[in-house]
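The values are calculated or read from the model by the stated rules, or taken from the named source; none is laboratory data. Worth saying up front: this structure is predicted, and the values here are computed from it rather than measured. Here the Cβ is made from the backbone with ideal geometry for all residues, glycine too, and neighbour counts use every protein chain on show. Side chains are part of the model used for accessible areas, which takes the heavy atoms of the whole protein and leaves out ligands, DNA and RNA. Shrake-Rupley method; radii C 1.70, N 1.55, O 1.52, S 1.80 Å.
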Amino acid sequence: MAQWFNAMPHPALAIEISTERVSLVRWSRRGVVEDLAVEALRPGVLVPSAVEANIADLSALKSGVESVCKRLHVREGDAAALLVPDPVIRVFVQHFEDFPRSSAEALPLLRWRLRKSVPFDLEEMLVSYTRQAPRENGVNVVTALARLPIVREYEEVVRASKLRPGVVLSSSIAAVALLDDKRPTLMVRIAGKALTTAIVRGGTLCGYRCTELPAPSSQLLPRMLLDEIFPVAAYYQDTWQEKVQAVIVSGLGARMRDFSPVLEEEFHCPAYSLLQSAIKAGR
């Protein structure tokens with residue numbers, strides 16, 4: 001995963017569009033945050049989906065994007081990384097005994113293999129992938145899929161505010177870079193009603209799942225959360241024959257203190273806030 005991120009373009013600007021807010025950040029050449037602007041969105045402006053149109057109130061979203069761009073003095077044509085809600089982009093971790101080296105052969109293979117796993121036509125499918133080392137023989141491939149018209153919805157909104165989307169990522173794939181993944185780490189990220197669960201170990205994405213929560217984060221109970229994240233943890237433990245050694249959570253805010261004891265008891269390891277652990281590690 002680290003090699004994948006290092007191979008990507010790294011624009012000086014990054015903009016995240018979520019159901020609750022629009023955030024724009026500017027980085028220095030040394031990777032230090034120079035400036036940040038956040039604009040809240042009212043509920044219902046954005047309805048993340050892999051299939052249906054996402055933007056319910058285009059003028060409100062455009063206004064939010066324009067506001068943060070104005071505050072950070074964005075110039076015409078400035079490149080930015082565009083982070084979109086997790087439900088927009090489907091992520092798969094697959095094992096192959098043998099996988100083509102050339103993208104001309106790899107892309108048709110991935111499209112064919114995943115054609116029944118996504119609810120949209122092959123002709124509308126955007127595909128991105130990276131190879132990574134498996135636990136044993138063969139090769140693991142991380143594939144990201146999205147429906148072209150939906151990605152264009154987001155791109156057109158940021159282009160209307162002078163920004164040029166240089167790379168598009170789901171928010172949680174971008175957040176993986178905040179993890180100290182020297183030990184098997186379970187990342188649990190809540191954004192609105194979307195729950196993303198990922199396991200990262202030594203730079204390898206071992207599992208990924210995005211689902212819809214049965215309740216908003218303000219009404220979520222620890223047992224509800226455990227029921228949702230357990231399948232990925234169980235898959236990892238069965239496949240890799242080792243236990244999760246850290247749980248990192250994002251999206252619970254002040255409620256994290258209610259969930260930490262339950263998570264630690266279930267997984268027998270420390271549970272931290274993603275934000276606090278990243279700050280402590282200087283990330």
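For the range 126-221, the set of GluC sites (Glu not before Pro) satisfying both a DSSP loop assignment and a count of at most 15 other C-beta atoms within 10 Å is given as Glu136. For the chain, the residue among Leu126, Val32, Asn54 whose Cα projects farthest onto the positive side of the dipole built from Cβ charges is Val32. Between Ala246 and Leu186, the built amide H atoms are under 5 Å apart, and every one of these is 5 or more places off in sequence or on another chain.
Beyond 18 Å between alpha-carbons counts as too far, so tell me which of Lys70/Lys162; Lys182/Lys280; Lys116/Lys193; Lys62/Lys162 fall in that bin. Intermediate values should be presented prior to the final figure.
On the way: Lys70/Lys162 10 Å; Lys182/Lys280 16 Å; Lys116/Lys193 25 Å; Lys62/Lys162 12 Å.
Listed pairs above 18 Å: Lys116/Lys193.
The convex hull of the Cα atoms of the range 179-281, projected and averaged over all directions, covers 5.9 nm².
Over the range 203-283, give the accessible area per residue in Å² for a 1.4 Å probe, as an integer.
Dividing the accessible area of the range 203-283 by its residue count gives 54 Å².
Over the chain, what is the relative contact order in whole percent, taking alpha-carbon pairs under 8 Å and six or more residues apart?
On the way: 521 pairs, mean separation 44.6, N = 283.
The value is 16 percent.
Over the chain, with every protein chain in place, what whole percent of the accessible area is carbon and sulfur at 1.4 Å, could you tell me? Ligands and nucleic acids excluded, carbon and sulfur reach 50 percent.
Could you provide, to the nearest whole Å², the per residue accessible area of the range 87-146 with probe 1.4 Å? Intermediate values should be presented prior to the final figure.
On the way: 3340 Å² over 60 residues.
Solvent-accessible surface per residue comes out at 56 Å².
When DSSP beta bridges are restricted to pairs lying wholly in the range 179-281, around 65% turn out antiparallel. With the simple spin-label model, which puts each label point 7 Å out from Cα in the Cβ direction, the Leu148 to Val38 separation comes to 3.6 nm. Temperature 20 °C, viscosity 1.002 mPa s: under these conditions the Stokes-Einstein estimate for the range 97-225, based on its Kirkwood radius over C-alpha pairs, is 125 µm² per second.
Here the dipole of the chain is about 620 debye; that uses its Cα centre as origin and unit charges on the Cβ of Lys and Arg (positive) and Asp and Glu (negative). Among 221-232, 29-40, sorting by the average number of other beta carbon atoms lying within 10 angstrom of each residue, highest first, gives 221-232, 29-40. Tell me, what is the FRET efficiency for Arg71 and Ser103 to the nearest 0.05, using R0 = 51 angstrom and their Cβ-Cβ distance as r? With R0 = 51 Å, the Cβ-Cβ based efficiency is 0.85.
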